[in-house]
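Remarks on the structure that follows.
Every number here is computed from the coordinates shown, using simple stated rules; none is lab data. Note that this is a predicted model, so its numbers are computed, not measured. With ideal geometry, Cβ positions are generated from the backbone for all residues, glycine too; neighbour counts draw on all protein chains shown.
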Amino acid sequence: MTGKISKVTLAASATILSATALGLYFGRRFSWKQASLLGGTPPSLLFGCYAWRICREPTPPGPSGPLGPPSRSSAPIRVPTPQPAIDPIPLPSTFLIEREDGSPPAKILILEGKIEEQESDVVVNAANSTIRGGSGVDAAIHQAGGMKDGKNIIDEACVEVLKTREGKLLADGESVITTAGEMRATWCVHTVGPHGSALKKKKKLASAYQTSLEIAMAQEVPIKEEEGAVRKVQTISFPLVSTGVFGFPRGKAALIATTTIRDFLKEHSQLTEVRIVIFRDSYFNENRCAYAAAVKKLELTALA
Ligand code: AR6
């Protein structure tokens, strides 16, 4: 009797095990609902499909995670982006950049915020070649620039710039400057970063930062305390150009941005502070890690 029971138990266990193994295998292809519709599917097959899904699907992200909500559909499962092995940069972080001419050091300030709210002399817009607006930073800047006589102030200024260029669109890496309208800044640089990340594109991204800094430096801003007096531009804020709609890899973009800004500040004592503004969106932590890696690679030391 006992022998009979153990044979039955053994056979049942073997069936359950093999059905579960099949479930794990077919779980790649079927949702458990689909599996349940397959006629005569044993519960262990359902269990196998379900177990496969639970093990393979990414954990639901927190508010700033890069992936959308988990799916129980039969769509291909997205593998989560590997987390960089570096802690996110604390925000704000300030780095001093020594000058080649021995004048007082400049600051690179990496902070959380919105580009359109920065109180620097110049803010930079991540624009496209038409400079006639778009989404992301471009939309935020056009909106914050305000309206005059029913027209968008920044857009009108961009139209004027295009007229002076006889309508010629901007090339990747090129920058132009307009008023900042009602923003706290006085000037707004519109720069066009590249799409993608090939070697040529890296140079274009560096050029977007370089030409923004050059064009900004040539401008003057009013001195608040002295009526009618002006001084040269000293401070400028950047978003993470090309890392949104244009899809440039953020790790590479952060290193290019920080290197270009650092090298420029070493040589140009007119500029006292450059801000890198990290926006709190779904890539917030990834961007912070990208900048942590960049400042580490460049051996910049944060002020305590
Ligand atoms: N302040 C600071 N950073 C921001 C803000 C903000 N208000 N909003 C978004 N970001 P994107 P791109 C970050 O797409 O990749 C437009 O349609 C965002 O998290 O604005 O250079 C233009 O018209 C991302 O990391 O610029 C062009 O067609 C970064 O800003 C195209 O997008 C850049 O994202 C330019 O694409």
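Things to note:
- Residues of the range 206-240 falling in the label zone of S269, defined by backbone nitrogen less than 17 Å from a point 7 Å along Cα to beta-carbon, are 232-235.
- Cα-Cα pairs of the range 93-302 separated by more than 31 Å (percent): 14 percent
- Projecting label points 7 angstrom from Cα along Cα→Cβ for T259 and S103 puts them 2.6 nm apart.
- Given K151/K232; K107/K232; K107/K200; K200/K266; K200/K252, the pairs whose alpha carbons are separated by over 22 Å: K151/K232; K107/K200; K200/K266
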